1. From the phi angles alone, apply the Karplus equation (6.51, -1.76, 1.60; θ = phi - 60°) to the range 45-62 and give each ³J(HN,Hα) in whole Hz, x where the residue is Gly or Pro.
2. Pop the C-beta distance of S104 and S68 into the FRET formula with R0 = 41 Å and round what comes out to the nearest 0.05.
3. What are the ³J(HN,Hα) couplings of the range 18-25, residue after residue, when phi is run through the Karplus curve with 6.51, -1.76, 1.60 and θ = phi - 60°? Round to Hz, x for glycine and proline.
4. Using the Karplus curve 6.51 cos²θ - 1.76 cosθ + 1.60 with θ = phi - 60°, work out ³J(HN,Hα) for each residue of the range 63-80 in order, rounded to whole Hz, and write x for Gly and Pro.
5. Match the structure shown to one of the listed values (1) 92; (2) 100; (3) 153 of volume of the Cα convex hull per residue in Å³, computed from it, and give that label.
6. Hey, can you grab everything whose amide H is under 5 Å from the amide H of D54? Only 5+ residues off in sequence or another chain; H modelled, so Pro and N-termini drop out.
Amino acid sequence: MHARLNTSTNNFIPNVADWLISYGLNATVPVDKIDRRALIMSFDHHFVGPQPLDKARNYTAPQYQRLSARLMYNDKKLSNMRIWMSAIVFPTNRFAEDAWISGSTIYTAPQPRLMLEGGFSFGL
């Protein structure tokens with residue numbers, strides 16, 4: 001991948017991975033015969049390449065992986081109500097996703113080993 005700013009004299013954008021490979025699996029399972037309610041499941045696996053932190057590429061955040069899964073219940077009859085639960089896991093190098101440089105010091109904000117989140121939405 002390549003990125004650059006067109007409106008700046010410094011066109012370098014830090015933390016843009018050299019490459020990204022991902023795949024995913026998605027499934028929708030109807031709960032009733034009318035297809036108004038369904039369980040939706042998804043799984044994604046991302047491989048993120050090294051990310052240069054400075055223009056000269058003296059400092060680079062290493063590559064890492066991220067796994068994410070989501071389970072959602074959708075009911076179209078109830079104003080398209082959705083209830084979901086998702087999880088994100090970093091099987092390798094959870095320190096690499098959020099890294100930056102100041103001077104010659106590299107800082108990281110480690111991601112949790114397991115992130116869980118849930119939600120609820122509906123249309124009016």
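1. 10, 10, 10, 10, x, x, 10, x, 9, 9, 4, 7, 6, 6, 10, 9, 6, x
2. According to the calculation, E is roughly 0.75.
3. Values per residue, Gly and Pro as x: 5, 7, 8, 10, 8, 9, x, 10 Hz.
4. 6, 7, 10, 9, 10, 9, 9, 9, 10, 9, 10, 10, 10, 5, 5, 9, 6, 6
5. Answer label, from the structure shown: (3).
6. So D54 has HN proximity to Y59.
Here, each number is a calculation from the coordinates, and none is a lab measurement. Small disclaimer: the values here were computed from a predicted structure and weren't measured. Glycine gets a Cβ as well: all are built from the backbone with ideal geometry, and neighbour counts include every protein chain shown.
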